[in-house]
Amino acid sequence: MNDLNSICVFCGSQPGARPQYTQAARDVGAYLAGHGIELVFGGGHVGMMGALADAALAHGGRVTGVIPEHLMRPEIAHRGLTELIVVDSMHTRKRTMAQRADAFIVLPGGYGTFEEMFEMVTWLQLRLHAKPLGVLNVAGFYDRMIDFVRHAAEERFIRADHWDLMIVEATIPLLVERLRLHAPRASRGAVSDLQRS
């Protein structure tokens, strides 16, 4: 069985309308820390991002944040992380997070979370990396997205063998286990130079 030493988590910088969303972020942070898996995330201390990082830190986990310089003002950047990497752009942020992680987890979020999720899936589809991506479908948040992706596949814009590139589960233990089963050995850092352009 392959090991997951680090997981990049994409999630909202807002808490969302339901308490289940922030609680899920806390649960993911605690779970990763409790299983010795480093958390890599967007470096913020607000909303779900902050809850995620704080829970991992509170449970003794290693937490690496990656944040663009323009978001470094005190009300955004988390100053209590194991490591905070400041980069020059949003694209560099995504590339750095991808390089630092063995797999990805997507929690509820907005445009930024969606964009990160679909870019990582696209890179996986194009074989720019081989790192699995899992969606934690908290309180059915992603039900409509899953239906739409299925619709795109039925309309032949997504190939049948690419339908399952997003691993969807409702519980964090099962999601991490499925990510572990799909993770390639020695995957950390294995991100193609094609993304550097």
Quiz item: Which cross-chain or sequence-distant (5 or more) residues have an amide H under 5 Å from the amide H of Thr82, H modelled 1.01 Å from N in plane?
Solution: Val63
Quiz item: Quick one: if you stick a label point 7 Å off each Cα along the C-beta vector at Leu126 and Phe157, how many nm between them?
Solution: 1.8 nm
Exercise. Summarise the accessible area of region 1-49 (1.4 Å probe, protein heavy atoms) by the percent that is carbon and sulfur.
Key: 47 percent
Quiz item: Roughly speaking, what is the stretch gain from Leu174 to Ala17, that is 0.36 nm per residue apart minus the C-alpha to C-alpha distance, in nm to one decimal?
Solution: 54.0 nm
Quiz prompt | nm² value of the averaged projected area, convex hull over the Cα atoms of region 1-158 | solution = 9.6 nm²
Exercise. Quick one: dipole size for the chain, taken about the Cα centre, charges +1 on Lys/Arg Cβ and -1 on Asp/Glu Cβ, in debye to the nearest 20.
Key: 260 debye
Quiz item: Add -39500 (n - 2.57) for each DSSP H run of 4 or more in the chain, then divide by its residues: what number comes out at 222 nm, to the nearest 500 deg cm²/dmol?
Solution: -12500 deg cm²/dmol
Quiz item: Using the heavy atoms of the protein chains alone and a 1.4 angstrom probe, what is the accessible area of the chain per residue in square angstrom?
Solution: 49 Å²
Quiz prompt | Spatial separation of Cα centroids for region 77-109 and region 42-72, in angstrom | solution = 9 Å
Exercise. Evaluate E = 1/(1 + (r/R0)^6) for Arg79 and Phe118, where r is the Cβ-Cβ distance and R0 equals 30 Å; express this FRET efficiency to the nearest 0.05.
Key: 0.50
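The values are calculated or read from the model by the stated rules, or taken from the named source; none is laboratory data. Here the structure is a predicted model, which is why all the values come from computation and not from measurement. Neighbour counts are summed over all protein chains in view; Cβ atoms, including those assigned to glycine, are modelled from backbone coordinates with ideal geometry. These accessible areas exclude ligands, DNA and RNA; they are computed on the full protein's heavy atoms, side chains included. Shrake-Rupley method; radii C 1.70, N 1.55, O 1.52, S 1.80 Å.
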